[in-house]
1. Can you give the accessible area per residue of the range 123-186, in Å², using a 1.4 Å probe?
2. At 1.4 Å probe size, put 60, 143 in order of accessible surface, largest to smallest.
3. For the pair residue 71/residue 190, report the inter-label distance in nm, with labels modelled 7 Å from Cα in the Cβ direction.
4. Quick one: ranking 101, 140, 181 by accessible area, 1.4 Å probe, largest first, what do you get?
5. Just reorder 125, 157 by solvent-accessible area, largest first, 1.4 Å probe, all chains present.
Amino acid sequence: MNSILRKSILGIAGLTVAGGLAAGPLNHTDTTPTRDAAAVTTQAAKLDTAALIPHGVQGTQSHIDLNDEQTKNVKAIIAATKKAGMDERAAVVSIATALQESKLENLGHLGDRNDHDSQGLFQQRPSSGWGTVEQITDPEYSTTAFLKGLKQVDGWRDMPLTVAAQTVQVSAYPDHYAQWEQQAADLVAQHWTS
């Protein structure tokens, strides 16, 4: 698709993804029933490592040591995932995506090093309909926007993490999300109940 046509579609629809998203994540009304807080808490008590990585990790795994800000962002992603009524696997996909996109740092505009107008934990673009700069640099908002996109991906739970993440993100490097799955699962296991 040429870039002019793509920008036109993105400007109108918010986000068009080859993997089946018909509209941007912010324009979607979700009709999926959500679990109540008690169900989330009960499931967290039974946290199953196999549920966090149901397909096994793909390829060589990367790991970074996290500072306090990054750990705070992990907790914000988990809190937003619970608030959205989604499970631990959704948190793993979200955290792995943010590890790849920003190393869990809430990035503002990076000047010449910026990828277009990408910002925040998920490197979302205001020009692609993800929200305003203020919104996408808010960890709760950006996570919720990512999760709304994930919910629109049919069968995301049955996909390898990198395929689910790529379907939402449309990255130039679609396979790079896979390298963060183990660390993301470890972080969810560590912080889901904290």
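The values are calculated or read from the model by the stated rules, or taken from the named source; none is laboratory data. Bear in mind that the values here come from a model prediction, so they are computed numbers and not experimental data. Neighbour counts are summed over all protein chains in view; Cβ atoms, including those assigned to glycine, are modelled from backbone coordinates with ideal geometry. What goes into the accessible areas is simple: the full protein's heavy atoms, side chains included, and nothing from ligands, DNA or RNA. Shrake-Rupley method; radii C 1.70, N 1.55, O 1.52, S 1.80 Å.
1. On the way: 2560 Å² over 64 residues.
Ligands and nucleic acids excluded, the figure is 40 Å² per residue.
2. Working: 60 125, 143 0 Å².
The ranking, largest first, comes out as 60, 143.
3. 0.8 nm
4. 140, 101, 181
5. 157, 125
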